[in-house]
Amino acid sequence: MFTTVIDHLISTGNSTFPDNYHDLSEAEQIKILSKATDDIGDLDAFEDEMVRNTLKTIAIIKDIQKSNGERGANRYIISNNQTALNVMQLFAMLKMVAFKDKLTVDVAPLFETIPDLENAPGVMEQLYQNPEYIAHLRARGNKQHIMLGFSDGTKDGGYLMANWGIYKAKEKLTEMSRKYDITAIFFDGRGGPPARGGGKTHNFYSSLGPTIEDKEVQITIQGQTVSSNFGTHDSSQFNLEQLISSGIKNRIDGEKNRLSDADRAVMNDLAETSYQTYKDFKNHPMFIPYLERMSTLKYYAKTNIGSRPSKRGTSDKLVFSDLRAIPFVGSWSQLKQNVPGFYGVGTALKLYEDRNEWNKVEQLYTNSKFFKTLIDNSMMSLTKSFFDLTKYMSKDEEFGDFWNIIFEEYLTTKRLLLKLSGYDELMENEPTSKASIEVREHIVLPLLTIQQYALKKIQELEKAGAPNDDPDKVIYEKIVTRSLFGNINASRNSA
């Protein structure tokens, strides 16, 4: 999009950008962007609708601040941020559209994939070394907002690697920010289920230790989770107390939560093993077809769940990188398989069992509240799984073997989480939460069964060559779509 903006400005004779701008190195482009303050001109002159609307959004931020004060709209998040150039492009646009004299907007890069999380500290150091950008941060109280995406991180790297990758990224970003006298404010993009950063959120924030900045933490709360956690005075008070006390507890227990070198090595090993296992799984030739034809994935696009399309891009062919996290996680939840919340965990733990090094995992579980929280939240994902619902798929000629791969990982993970925790059953230490889950699962099971029946009928009609406007197919598709709403709301944190 920014390329389109530059091309337009060059064609209209804007002196900010030279004709060879796109041929310059990233460092040279950043240097030009740092000093860009010329007025961008008439926004309606941009032919591309997406570009025009994006630039008008910036102008509206200025209008909102004039009417309602700076706090009315003072942050701009860059989705899927990968480089310092991405940040400086927005930095320049903000100034050229509406904030030439004083930039009263915090630029928040969102790092989502595993590689981007690893590169995040280098990206931020490049920005901190930029004179114009660091001057902006000084004017904003020496604070840098950084958003980390649990949902897309899990979709990209699996449950353990995503959470561990975010943990390590926060440590390095904290160290890097403190080096330049900047306070990092982590804005965590957390969804409802553990696979999207949900679960026992207060346990997570009370376990981070002293190596991660926590003077201020901001989190997103999923829609249906807002109503369940904050919909009444009592539940709101309880959950706010949990979040606030988690920060206090983390300060008190700070050094206790510091990972030893030995525990860190085990955590790294577990995360890498689970990551490779998950990558092999999502690269399986049946992975995308299974989601397309056996799950509710494509039906999310027919609802307003998640507020965005089920995939990025306009291609008819489904590509994994185009999938959005909410439909991805939600589709596994509708199948009652909850793959993003456990897949790879069992295989990683089994490696230590097979090597007769189980004691190292037990030590990590005992020493690290962070690791224990990850295990507890994964247990929640397993508790919400119910493979009997889709057991008929195990006999499917095309997808039977793939279903069994998922089921075997579920069984392995369940067995080893029980072994590690010493429990006889999942969530044994949380009887109230478990009872709540069981009640909700019993409520949604009839509707899920109806949904599976409708999906099966659609598959049969498609195999028989029925057209898209076949009356029976239309009815069954409506059943699937409508069932999504009820299942998600009743399950509370399934998407």
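Each reported figure results from applying straightforward, stated rules to the coordinates on display, with no laboratory input. Fair warning: this is a prediction, and the values are worked out from it, not measured in the lab. Please note: Cβ atoms are built from the backbone with ideal geometry, for glycine as well, and neighbour counts cover all protein chains shown.
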For log10 I(q)/I(0) by the Debye sum over Cα atoms at q = 0.07, 0.09 Å⁻¹ the list reads (i) -0.53, -0.93; (ii) -0.42, -0.70; (iii) -0.38, -0.64; the calculated value is entry (ii)
Residue separation between THR449 and ALA135 times 0.36 nm, minus their alpha-carbon distance, gives in nm 107.2 nm
Pseudo-spin-label distance GLU425 to ALA27, built 7 Å along Cα→Cβ, given in nm, is 6.3 nm
Going fewest to most other Cβ atoms within 10 Å around each Cβ, THR211, THR383 line up as THR211, THR383
Summing -39500 (n - 2.57) over every DSSP H run of at least 4 residues in the chain and dividing by its residue count gives a helix-only mean residue ellipticity at 222 nm, to the nearest 500 deg cm²/dmol, of -19000 deg cm²/dmol
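For an R0 of 30 angstrom, estimate the FRET efficiency from the Cβ-Cβ distance between SER394 and ASN359 and round to the nearest 0.05. Working shown, then result.
Numbers: r = 36 Å, r/R0 = 1.19.
About 0.25, to the nearest 0.05.
Cα gyration tensor of the stretch 1-156, axes a ≥ b ≥ c as square roots of the eigenvalues: rounded (a/c below 1.5), prolate (a/b > b/c) or oblate? Please list the in-between numbers first.
Numbers: a/c = 1.44, a/b = 1.20, b/c = 1.20.
Here the stretch 1-156 falls in the rounded category.
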Taking Cα atoms only, helix 84-97 is inclined relative to the longest principal axis of the chain by an angle, in degrees rounded to 10, of 50 degrees
If R0 = 45 Å, then HIS284 and SER236, at their Cβ-Cβ distance, give a FRET efficiency to the nearest 0.05 of 0.55
Going through LYS155/LYS336; LYS168/LYS298; LYS155/LYS391; LYS168/LYS391; LYS302/LYS414 one by one, the pairs whose alpha carbons sit over 28 Å apart turn out to be LYS168/LYS298; LYS168/LYS391; LYS302/LYS414
In terms of the alpha carbon gyration tensor, root eigenvalues a ≥ b ≥ c, rounded if a/c is under 1.5 and otherwise prolate when a/b exceeds b/c or oblate, the stretch 329-382 is oblate
